[in-house]
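Working notes, beginning with the structure itself.
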Amino acid sequence: RPPRERKKWTLPAAPGPTLRQRVERKEREANLRCHDMSCGVGPSDEEPDAVVNESQIHITRGVDGGNVCSHTFHPSCLVTSQRVALKGLEESVNGECVEVSCPVCRADGLIPKVDWDAGA
């Protein structure tokens, strides 16, 4: 009988999201955690029963009010992330809005100055 032809080895498919990724997705669905990778408001390993009273905001295009992306953030998480991205420079205030970029997808947009001050 002739020898079988060897198939080229390929990496097996990933088993899916990790347990931490699944838990964080469920926390986002319950509005406990925002999309910031270092969300400091949501539950953590040290405080799993944290009570979250802070609302989440979208980054908008400005005048028309459309969202630049689907990511939502606690004001404090977005302000912290933006300050890190600016590397100590002053934020750009445009009238009653502050220019920010999404920490996840880097889309540029605006948030109301009231929300910026709430997160500061």
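The values are calculated or read from the model by the stated rules, or taken from the named source; none is laboratory data. Please read these numbers as outputs of a predicted model, since none were measured by experiment. Glycine gets a Cβ as well: all are built from the backbone with ideal geometry, and neighbour counts include every protein chain shown. When the accessible area is computed, the model is the full protein with side chains, heavy atoms only, and any ligands, DNA or RNA have been set aside. Shrake-Rupley method; radii C 1.70, N 1.55, O 1.52, S 1.80 Å.
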Give just the number: which of (1) among the acidic types (D, E); (2) open to solvent by 100 Å² or more (accessible area, probe 1.4 Å); (3) touching a residue at least 60 places away in the same chain (Cβ under 8 Å) does D108 not satisfy? (3)
So in the range 78-105, with the set limited to residues that are touching a helix residue (DSSP H, G or I) at 6+ places or on another chain (Cβ under 8 Å) and polar (S, T, N, Q), which one is most open to solvent (accessible area, probe 1.4 Å)? T80
A30 passes all but one of the listed conditions (1) within 24 Å of A118 (Cα to Cα); (2) of a type in the set (G, A, S); (3) open to solvent by 70 Å² or more (accessible area, probe 1.4 Å); the exception is number (3)
So if I check each of P3, P17, which one is surrounded by 10 or more Cβ atoms within 10 Å (Cβ to Cβ), farther than 24 Å from V84 by Cα, of a type outside the set (D, E) and out of contact with any His (no Cβ under 9 Å at 6 or more places or on another chain)? P17
Could you check the range 53-77 and list, in sequence order, the residues that are open to solvent by 30 Å² or more (accessible area, probe 1.4 Å), among the aliphatic types (A, V, I, L, M) and either more than 23 Å from G95 (Cβ to Cβ) or touching a residue at least 12 places away in the same chain (Cβ under 8 Å) (or both)? V68
